[in-house]
1. Along Cα→Cβ, 7 Å out, is where each label goes; now give me the distance between the ones at Ile64 and Glu406 in nm to one decimal.
2. How many nm is it between the label spots at Asp368 and Ser490, if each spot is 7 Å from the Cα in line with the beta carbon?
3. Once region 224-372 is represented by equal point scatterers at the alpha-carbon sites, with solvent omitted, what log10 I(q)/I(0) does the Debye formula produce at q = 0.10, 0.17 Å⁻¹?
4. Over all alpha-carbon pairs of region 1-142, lay out the pair-distance distribution in 10 Å bins, whole %, shortest bin first.
5. Take peptides 480-490, 376-386 and line them up by average Cβ neighbours within 10 Å, highest first, as a rough protection proxy.
6. Shape of region 299-340 from its Cα gyration tensor (a ≥ b ≥ c, root eigenvalues): rounded if a/c is under 1.5, otherwise prolate when a/b > b/c, or oblate?
7. List the pairs from Lys320/Lys385; Lys215/Lys265; Lys475/Lys499; Lys283/Lys387; Lys320/Lys355 whose alpha-carbon separation is above 21 Å, in the order I gave them.
8. In what sequence, highest mean first, do 436-442, 229-235 appear when ranked by Cβ atoms within 10 angstrom?
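Throughout, read-outs are computed from the coordinates displayed, never taken from laboratory work. Here the structure is a predicted model, which is why all the values come from computation and not from measurement. Don't worry about glycine lacking a Cβ; one is built from the backbone with ideal geometry, like all the others, and counts go over all protein chains shown.
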Amino acid sequence: MNYVIMAIIALGSFTIGILIANTMLKKTIEKKNQHIIDEAKEQAENIKQKKILQAKEEFHKLKIEHDKMILEKNSNIATLENKLKQKETVLSQRFEEFQRKQKEFAQVKENFNAQLEILNKKHTDLDKAHKAQIEKLEAISGYSAAQAKSELIESLKAEAKTEALIHIKDIVDEAKLTAAKDAKKIVIETIQRTATEQAIENSVTVFPIENDEIKGRIIGREGRNIRALEAATGVEFIVDDTPEAIILSSFDPVRREIAYLSLHKLVSDGRIHPAKIEEIVSKTQKQIENEITEIGKQTAIDLGVHGLHHELIRMVGRMKYRSSYGQNLLQHSREVANLAATMASELGLNPKTAKRAGLLHDIGKVPDNEPELPHAILGMKLAEKFKERPEVFNAIGAHHDEIEMESLISPIVQVCDAISGARPGARREIVQSYIKRLNDLEELALSYPGVVKTFAIQAGRELRVIVGSEQLNDKDAQQLSYDLSQKIQSEMTYPGQIKITVIRETRAVAFAK
């Protein structure tokens, strides 16, 4: 029982203790909480005060900057106001100046109008006085003003024409002297700067052989091999007593070249019979055609002539196997091209166009067929067909005066063609025809009245005509040289050009005894 009571008492004491401890703990917690709250409030107040201070400082700083900005703006506004005031002052002054000048201008205008009225009045009076004077002069002279004016104009016209003719003659004479001098200089320099070897083409080719046995094999049984060669090549094979040589004769250099190469291949091969001959000749013809194209291409490259049609290139290559009066046509065309380019450069023209026209000027001599046309006209038509420029095909067509020259390149090509053909040794003529041409030249000049003697000199490139001074005067001598040049040009055939010099001299003879 006592234990129970004691336990109850102990339990009650424990419970009371717990309650008391709980109460004390609550109070302690409340105190702590209150302390924390107080500290938090104090911290919050401190933070608040700091933020308020920072805000005030920031506000103060912003206020200072704002005040400064306002001061600057006010200063700028004041500056602008001052400038506006100054401009207003200047404008006011200018406006006052303008009003003053306007008043002065009005006054000057009034004065000008007054002076103009005075001048008009004086002009009217002067016209009246002039008319009165003219009437008096007409009455005294018996001529009207129109008649006197007409006679004066006619007199001045005659005088002006005389003076103009004198000046024109002087200018023409000076121009002729200068032009002749410059032309000679250009031509001489062009010739000197273009050095070309001259080689005369023959109409025969000599084929060397080792012995007469080969001659017999070439002739063949009953001459069948040589007949086959002549039939296949169109060349005459002359096998005579000439030792160790066979002569190939033809006017066509291409045929002679094909025959020469074919014969060389046959002799080297050793098998010579009609079937082999036809085979070798056919192959050689194709080889020559390829060589012709390559020669044309190489010539165009050497001269710097680009963009030629392939047919024109082939024609240029064919020129190697053509000749004109013994002068190789390709060599002649290359020389004309170089001469024309040099002369065009001297005259300030396009040297490339001149070189192109010079190279192509004789393509009418190497067509695939032979139409009934002069070679210059045919060459012009070919160049036009293959889209050459107008100045090029005009130069080709006009280099022998078949058509009218339309550009400065045309006379250059004509002159260079004459220079190339007239070089000493460039061309060959038969002696009889050469002598006959010189005799005809002299006889032609002797047929004119007043001609005493004639001399064809410089291989027929100059004709000197001596006339009687009693029968012809200076003007007649000048006319004679012109007439002779035209007649020679129309009636005779000759390479290059012929210079006609008419000499008229007066001799006074006396004897001292």
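1. Label at Ile64, label at Glu406, 9.5 nm between them.
2. 4.0 nm
3. Here the Debye-derived log intensity ratios amount to -0.45, -0.96.
4. 8, 9, 9, 8, 8, 7, 7, 6, 6, 5, 5, 4, 4, 3, 3, 2, 2, 1, 1, 0
5. On the way: 480-490: 14.5, 376-386: 20.4.
Highest mean packing first, the order is 376-386, 480-490.
6. Working: a/c = 2.79, a/b = 1.33, b/c = 2.09.
Oblate is the answer for region 299-340, as a/c is 1.5 or above yet b/c matches or exceeds a/b.
7. Too far apart for the 21 Å limit: Lys320/Lys385; Lys283/Lys387.
8. Numbers: 436-442: 15.9, 229-235: 20.1.
Packing order, densest peptide first, comes out as 229-235, 436-442.
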